[in-house]
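All of the numbers you see were taken from the coordinates with simple rules; none came from a lab. Since the structure is predicted, the reported quantities are computational estimates derived from the model, not experimental observations. Heads up, the Cβs are rebuilt from the backbone with ideal geometry, glycines too, and the neighbour counts pull from every protein chain shown.
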Amino acid sequence: MLHAHELLRRLADLRLAHPIYLFQQIGSTNDYAKSMAEAGAPEGTLVLAEEQTHGRGRAGRAWFTPPGSALALSLILRPPLAAPQAARIIMLAGVAACEAIEQAAGVRASLKWPNDVLVAGRKVAGILVESGLSGEALEYAVLGLGLNVSGSPAPEQVDFPATHLEAEAGRAIDRTTLLRAILAQLQAHYPTLTRDALFENWRARLTMLNEPIELRTETGALTGRAEGVAPDGALIFRADSGEVQHVLAGEVRLRRG
Ligand code: BTN
């Protein structure tokens, strides 16, 4: 169990962890944080839940957070970014999650474009960033992260193979230690949000670049290779036909055979 008094003590020195809202059960921490952000909650407001009954993933998918088995968190940020720079928050979250996993669990973590965190080629965490705009600028971003710690969804519940951190590390992982590492890494990289270094760090952790992949977007599936990524977060995809596209949203997987 996550304990409020222990969280307050162990996160006391972190700016991006205050105030903290801890729920035993909630629909979705992102929904709650979004309504708080709309109501003016400050940067650093952190919403945590032991269980989500309507956790949301990208592209309208469900995200499963059974009681006590995961970290489900939503952090309100108010970064000085223009709306098209919102992908920077995904880069921040991905890099911070990988570094925290490596520190707290001692296993190597990587990223699958655009925002999945992998350990040993399987998905251990997902990121869902939702923004509010004020004209051309971001008014707030809710950084949602779901990380499987001691359980992972059954194969029929997911469209990419999943794992959990304890299975990969081969030992118990203290969720408060992991949470602290994530928040500390987010805070450490936050000042670099618009710098090349964050983009380079994110790119260096991406898997599947220059490998044969299938790309699925709203308009269908294509086979080809990802030649790289652009600073706006787009995948630079060369289809087998030779056509090159900058793709901002979609799913990739390695092509078999
Ligand atoms: C994905 O991989 O599709 C993104 C999953 C994001 C899940 C997290 S759990 C905490 C936060 N609350 C939600 O409802 N979703 C995000």
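From the alpha carbon centroid of segment 1-48 to that of segment 178-200 is 18 Å.
Once both labels are positioned 7 Å from their Cα atoms along Cα-to-Cβ, the gap between Glu6 and Glu136 label points is 4.8 nm.
In summary, the chain shows an alpha-carbon radius of gyration equal to 0.97 times the 2.2 N^0.38 Å reference for compact globular proteins. Please give the FRET efficiency for Ile20 paired with Asp159, using the beta carbon to beta carbon distance and R0 = 25 Å, rounded to the nearest 0.05. In this case the efficiency is close to 0.15. Dividing the mean sequence gap of close Cα pairs (under 8 Å, 6+ apart) by how many residues the chain holds gives a relative contact order of 17 percent. The spacing between segment 134-149 and segment 201-250, judged by their C-alpha centroids, is 23 Å.
The local environment of Leu128, defined by Cβ-Cβ distances under 12 Å, has a net charge of +1 under the rule Lys, Arg +1 and Asp, Glu -1.
All other residues with a Cβ under 14 Å from the Cβ of Gly146 taken together, and with Lys, Arg as +1 and Asp, Glu as -1, what is their net charge? If you can, show how the numbers build up before the last one.
Details: positive: Arg56, Arg58, Arg61, Lys123, Arg175; negative: Asp31, Glu50, Glu51, Asp116, Glu130.
Residues near Gly146 contribute 0 overall.
Taking a ≥ b ≥ c as the square roots of the Cα gyration tensor eigenvalues, with a/c under 1.5 meaning rounded and otherwise prolate when a/b beats b/c, else oblate, which class fits segment 110-257? Cα axes put segment 110-257 in the oblate bin. Count the net charge of all other residues whose Cβ sits under 13 Å from the Cβ of Gly242, scoring Lys and Arg as +1 and Asp and Glu as -1. Value of the local net charge: -1. Every helix of 4 or more DSSP H residues in the chain counts as -39500 (n - 2.57), and over all residues that averages to -8000 deg cm²/dmol at 222 nm.
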